[in-house]
Ligand code: IVH
């Protein structure tokens with residue numbers, strides 16, 4: 001096939017595939033078999049491989065692909081993405097209706113009722129019918145560019161059925177079935193579960209690696225036009241039909257009504273039917289249909305006056321509390337957890353509920369064996385609302401908190417002013433284990449495949465006693481463990497290896513220093529640029545940083561003064577874990593740095609650093625390290641036995657310093 005023929009065939013195939021995609025994922029009405037679809041797709045891939053310059057971003061082959069991003073670009077929304085005011089009762093809805101009729105001076109208003117999909121608001125931009133960019137809502141003005149991840153959603157058209165230019169808004173979400181599949185998979189791997197489908201959808205769309213996002217089957221409903229070129233529909237109902245005609249997936253449950261009683265009936269109908277849907281809804285959205293009337297009603301700073309979200313009340317269920325389990329956290333705090341007879345609540349099975357502390361058990365009058373009401377509101381962890389004393393049989397027993405740590409048997413104490421009991425034995429295995437779980441968690445070193453279960457397994461096998469041990473694990477250590485196959489061991493070791501490259505704020509947060517949260521860690525990393533500088537800093541220097549208070553400063557100094565901490569740090573260093581900050585430095589820190597914007601070359605043997613360490617330190621301070629001296633070199637650092645590079649630098653008149661001066665520039669004594 002020559003190029004011209006290929007071009008023609010590629011175009012045909014793309015149209016055909018998009019059409020079948022639409023029939024399958026949007027209309028749920030496929031007209032060909034999966035095998036036929038695969039054949040078309042394979043033909044397209046083969047042709048595109050033969051003529052790679054004909055690949056365009058809107059080709060169906062480009063849904064999954066692309067390299068991992070370093071971060072998401074910011075996107076300014078052409079029209080702000082507002083949020084909705086809430087209504088919680090029938091009275092709230094009546095008030096909404098009265099206000100609109102009063103403002104508009106009319107008797108009757110037409111509303112469109114829609115389901116409120118529990119996912120993530122997104123904005124999609126199409127130019128001449130081609131999907132060019134998708135963004136999160138962000139703060140409403142500026143969101144993040146998640147185009148690559150959105151492309152993996154099969155029901156999102158890469159090309160529309162007409163060449164329009166517009167921005168549409170909708171909700172990306174994870175269907176219930178997919179949510180269960182992913183959580184079951186996570187459970188098997190011992191990873192922490194997603195609390196609900198919305199968090200799972202958000203987690204997937206925020207993946208920097210689109211291949212990971214592609215592993216999660218998300219879906220999308222579009223519900224509005226943000227902005228468009230050309231003639232705009234006059235009513236919301238028309239907009240919804242227009243969007244559907246363009247090939248978008250529009251939720252079919254919408255209904256136009258003219259009386260507030262009909263709104264109420266719609267709410268009630270869907271409150272009852274919500275459990276049968278394949279996706280989560282958390283309420284109903286009521287919108288004025290007439291777009292000209294919307295203009296008159298206008299918006300407040302945060303939300304439009306022409307729409308309201310009716311939120312379903314939090315779901316509750318009754319179950320029996322069988323027992324109370326005690327967990328010792330990373331800081332030694334002891335928390336009771338209720339073990340419940342499994343019960344379905346808002347789409348997930350609930351077996352446990354946190355009781356927070358002893359006082360709550362007493363205040364709520366909870367006995368072991370009680371019938372309890374559990375509630376789950378949105379993404380909040382299930383909680384016990386109260387007990388049903390009338391259902392007691394006399395068999396119920398009061399619960400007593402233990403006096404000794406269930407893990408290490410040391411006496412639990414209640415520190416001044418704290419409600420929680422604490423285990424204050426620093427050697428308590430529970431604390432160490434929880435500390436490691438924190439270290440590997442997503443917000444910290446983000447070691448995939450290392451969840452609570454696997455850490456516990458490693459800990460119990462005696463393979464890991466501190467976070468540094470993770471970096472010395474060998475294949476032979478892991479293979480004998482239960483549920484560890486060749487492949488999972490390889491994956492695990494690879495993700496441990498990958499985590500060595502993390503920017504240092506993740507490490508700093510992962511160490512679990514008291515009062516140093518992820519934000520504090522980022523501030524420190526940005527300011528100092530390197531873990532060594534943070535460890536050397538005294539209270540005064542730490543406190544001089546904006547946003548670092550005396551409590552955090554004190555905690556950091558105390559922490560790094562401990563010999564056992566120093567030992568862990570040195571073992572992490574020896575394993576090759578990165579200690580420097582990889583993001584942009586704060587302006588003040590960068591401006592102060594003697595290396596900012598400088599091109600530096602290292603030569604000879606340094607006594608205090610390896611080449612790699614010295615480079616990291618310079619780069620952390622905004623400098624660039626290159627391998628050879630040229631007229632662009634600003635500085636040569638010459639260790640002992642420096643040779644030809646030193647001579648060349650001298651010839652070119654490049655500034656040369658020795659190791660001692662280098663140390664001084666780093667603010668470090670020799
Ligand atoms: S309309 C200007 N319709 O609910 C109002 N929102 O705060 C634009 N949502 O951020 C929103 N389903 O993420 C609208 N059918 C629906 C919706 C919906 C879910 C979300 C959306 C928005 C939030 C309301």
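Observations on the structure shown:
- For the range 137-251, the alpha-carbon coordinates run over 53, 27, 23 Å along the three principal axes, in decreasing order.
- Full extension of the chain segment joining residue 67 with residue 41 gains 7.2 nm, where the gain is 0.36 nm per residue of separation less the Cα-Cα distance.
- Divide the volume of the convex hull around the Cα atoms of the range 423-539 by the residue count and you get 110 Å³ per residue.
- Over 17 Å [Cα-Cα, the range 241-323], rounded percent: 63 percent
- Evaluated at q = 0.23, 0.25 Å⁻¹: base-10 log I(q)/I(0), Debye formula over Cα of the range 131-180: -1.02, -1.12
- Two-decimal log10 I(q)/I(0) for the range 267-385, as the Debye equation yields it once each C-alpha is a single scatterer, q = 0.16 Å⁻¹: -0.84
- The range 178-233 and the range 530-547: distance between their alpha carbon centers, rounded to Å: 39 Å
- Protection proxy ranking for 514-523, 1-10, using the average of other Cβ atoms within 10 Å per residue and placing the highest first: 514-523, 1-10.
- Column: log10 I(q)/I(0), Debye, Cα scatterers of the range 43-132, q = 0.12, 0.23 Å⁻¹: -0.71, -1.30
- Note: the range 1-73, Cα convex hull, 117 Å³ per residue.
- Exposure proxy ranking for 264, 401, based on other Cβ atoms within 10 angstrom of each Cβ and starting from the fewest, stands as 401, 264.
- Protection-proxy order for peptides 612-620, 159-167, 117-125, each taking the mean of Cβ atoms within 10 Å per residue, highest first: 117-125, 612-620, 159-167
- Compactness index (Cα Rg / 2.2 N^0.38 Å), the chain: 1.15
- Measuring nothing but alpha carbons in the range 499-551 and taking Rh as the Kirkwood radius, the Rg to Rh ratio lands at 0.93.
- For the range 589-670, the fraction of alpha-carbon pairs lying more than 18 Å apart is 34 percent, rounded to a whole number.
- Each pair of Cα atoms in the range 72-122 enters the Kirkwood radius, and Stokes-Einstein at 10 °C and 1.306 mPa s then converts it into a translational diffusion coefficient of 112 µm²/s.
- Averaging 1/r across all pairs of distinct Cα atoms in the range 378-480 and inverting the result yields a Kirkwood radius of 17.2 Å.
- Cα centroid of the range 615-663 to Cα centroid of the range 384-405, whole Å: 71 Å
- Sites residue 327 and residue 519 - FRET efficiency at Förster radius 25 Å, r taken between beta-carbons, to 0.05: 0.45
- Between the range 10-58 and the range 256-292, the alpha-carbon centres lie 36 Å apart.
- Three principal axis lengths of the range 493-588 [C-alpha, angstrom, descending]: 39, 32, 19
- Calculated [222 nm] ellipticity per residue, helices only, for the chain: -11000 deg cm²/dmol; basis is -39500 (n - 2.57) per DSSP H run with n ≥ 4, divided by all residues, nearest 500.
- Footprinting exposure proxy for 227, 270 (fewest neighbouring C-beta atoms within 10 Å first): 227, 270
- Relative protection proxy for 333-341, 250-258, 557-565, from highest mean packing down: 333-341, 250-258, 557-565 (other beta-carbon atoms within 10 angstrom).
- Using C-alpha pairs below 8 Å separated by at least 6 residues, the relative contact order for the chain is 9 percent.
- Ellipsoid semi-axes in whole angstrom, largest first, where each is sqrt(5λ) of the Cα gyration tensor of the range 318-449: 28, 21, 12
Only the coordinates and a few stated rules stand behind these numbers; no lab work does. It should be emphasised that the depicted structure is a prediction, and the values quoted were computed from it without experimental measurement. All Cβ positions, even for glycine, are placed from backbone atoms using ideal geometry, and neighbour counts span all protein chains on display.
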